[in-house]
Amino acid sequence: MAMATDRFSSFASGLAARLETEIPDARVDPGEPACLLLTARSGGTIRLDLTPPRLSVRAGDANRYLEGVAGTDDLVDAYRRIRRGHVFEDSIASGDASPYAGEFLERLLAQAAQTCPDNDARRIAAWTTRLDPYCAAKSIESLLNRPEDRILLRIAESRGWTVHFDHLAIRCGVQEKGHAQSVVQMLKEHHGYASARVPGQEFYRFAQGWNALPVYKLLGNGSLLRLFPDQSETGHERQIIRHWNRVYGFTAHHIALRVTGGNGDTTRSVPLSELIAALRDEGIECLAPTGVDTINLLEQVFTRPNRDKAIPKSLLHEIRAVDEQLADVVCNAKLVELVSRREMDVFQRNQFLALYELEPADAGQHHARVSAPIYNFFLPAQAAHVIRTSTQGDAP
């Protein structure tokens, strides 16, 4: 489907102009009318390009694997059929993953029978039907990890909220071996992902010695899937991402979940503070949030990392030889991130869908649960913050 880029820029310019009137201290970038400028508490400027990712709509067929899942055994079986039926990282490169990486994943699936009740498995299956096979498989891996990692699905059910997939971060290994580049190539060739084709959104580089190559996919049900393949840079032997890849392979570093409330014309983003409070009521604590300066256009926080205590001593000894502290940090296995992105109103949302020739999101139609955030990308400063906080250990 051919798309004229001016439609996307024009839409973003109108969105920025409207937000300038609604958000105190927000202003349109004089040189880039599709960009919004915000003033941070530090006095610096945050620049947000509101241009939607320029993508073609792709099919998302995870539902054919997941429909009819009645319990945990069915869910694990559906997961294995997805993995057999599609290309994943282990089909293209092993990276530097240790043998333990496969053991970690198999143990996670085996333990699901004891730790995941059938009603939770049905929730996971129902939620992942709206994804593509790649994100469905990675999400199942993440949500079967422990009961705390899927509690938000239960909370949302009781409160009438809708949980949305926001993104996955895949720890890919090391730049000198092209690990992230290989994963991105696989995602584009075999799963239909694409770069956003918005300046500045194809490659992020971080002062802490790592980089990322985000890719995107828009499904016909209106779901925008974001992937964040990241890797350690050449020469940064102490960068944690390479060691996470060594221990856990290409499993997701974290799954990020976003929540909206209401339906139809009243859809709203659930603020991060409300999500944190809801989890705290269930005994789940979060780390330090980031994004207050973006006026809910993008806010993020991790829940407490899950500590993997089964890593072989020989592998920990190998990592400790590089840096004593890395052996503790690498035990932070899978994580859940909470995300809040300010939603468009129903008029803006329908304009957004029209850019991709999708039907309006009227109540009762299959787009009724669609989420259309105003800002659709990652912010490097916030990405660096959440990676730093993800290396924290157990709660004091």
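The table below gives the values:
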| read-out | value |
| --- | --- |
| Single unsatisfied condition, S371 versus (1) at pLDDT 95 or above; (2) touching a His at 6+ places or on another chain (Cβ under 8 Å) | (1) |
| Residues satisfying the stated conditions in segment 110-133, i.e. open to solvent by less than 10 Å² (accessible area, probe 1.4 Å) and either among the aromatic types (F, W, Y) or over 27 Å from L224 (Cβ atoms) (or both) | A112, C116 |
| Meets criteria (modelled with pLDDT under 95 and not in a helix (DSSP H, G or I)) for N350 | no |
| Residue match in segment 62-80 (condition: outside any strand (DSSP E or B), within 24 Å of P214 (Cα to Cα) and among the charged types (D, E, K, R)) | no |
| Flag for D90 being at pLDDT below 95, surrounded by fewer than 16 Cβ atoms within 10 Å (Cβ to Cβ) and outside any loop (DSSP other than H, G, I, E, B) | yes |
| A70 being in contact with a helix residue (DSSP H, G or I) (Cβ under 8 Å, 6 or more places away or on another chain), surrounded by 19 or more Cβ atoms within 10 Å (Cβ to Cβ) and touching a residue at least 12 places away in the same chain (Cβ under 8 Å) | no |
| Selection count, segment 35-58, where residues are in a strand (DSSP E or B), within 16 Å of N296 (Cα to Cα), out of contact with any Cys (no Cβ under 7 Å at 6 or more places or on another chain) and among the basic types (K, R) | 0 |
| Near pairs, Cβ below 7 angstrom, 6+ apart or cross-chain, from segment 23-34 (outside any strand (DSSP E or B)) to any residue that is hydroxyl-bearing (S, T, Y) and loosely packed, with under 15 Cβ neighbours inside 10 Å | D25/T39 |
| Matching option when the condition is in contact with a strand residue (DSSP E or B) (Cβ under 7 Å, 6 or more places away or on another chain), assigned to a helix (DSSP H, G or I), at pLDDT below 95 and aliphatic (A, V, I, L, M), among V336, V386 | V386 |
| Flag if G85 is of a type in the set (G, A, S), more than 22 Å from N332 (Cα to Cα) and modelled with pLDDT of 95 or more | yes |
| K138 open to solvent by less than 10 Å² (accessible area, probe 1.4 Å), out of contact with any helix residue (DSSP H, G or I) (no Cβ under 9 Å at 6 or more places or on another chain) and assigned to a helix (DSSP H, G or I) | yes |
| Failed item in (1) open to solvent by less than 70 Å² (accessible area, probe 1.4 Å); (2) under 30 Å from R122 (Cβ atoms), with L50 passing the rest | (2) |
| Residue in segment 150-188 that is farthest from the chain's Cα centre (by Cα), counting only those that are hydrophobic (A, V, I, L, M, F, W, C) and not in a helix (DSSP H, G or I) | V174 |
| First in segment 256-267 and under 18 Å from A169 (Cα atoms), second anywhere and at pLDDT 90 or above and of a type in the set (V, I, T), Cβ under 9 Å, 6 or more apart | A256/V336; A256/V339; L257/V163; L257/V336; L257/V339; R258/V163; R258/V270; R258/V339 |
| Qualifying residue in segment 185-203 (condition: over 18 Å from G60 (Cα atoms) and crowded, with 22+ Cβ neighbours inside 10 Å) | no |
| Restricting segment 321-348 to residues that are over 25 Å from the mean Cα position of the chain (by Cα) and open to solvent by 30 Å² or more (accessible area, probe 1.4 Å), the residue that is nearest to T162 (Cα to Cα) | F347 |
| Close pairs (6 angstrom Cβ cut-off, 6 or more residues apart or separate chains): under 13 Å from D132 (Cβ atoms) in segment 45-64, open to solvent by less than 10 Å² (accessible area, probe 1.4 Å) and acidic (D, E) anywhere | G60/D132; A62/D132 |
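The values are calculated or read from the model by the stated rules, or taken from the named source; none is laboratory data. Being a predicted model, the structure only gives us computed values, none of them experimental. Please note: Cβ atoms are built from the backbone with ideal geometry, for glycine as well, and neighbour counts cover all protein chains shown. Just the protein is used for accessible areas: all its heavy atoms, side chains included, with ligands, DNA and RNA removed. Shrake-Rupley method; radii C 1.70, N 1.55, O 1.52, S 1.80 Å.
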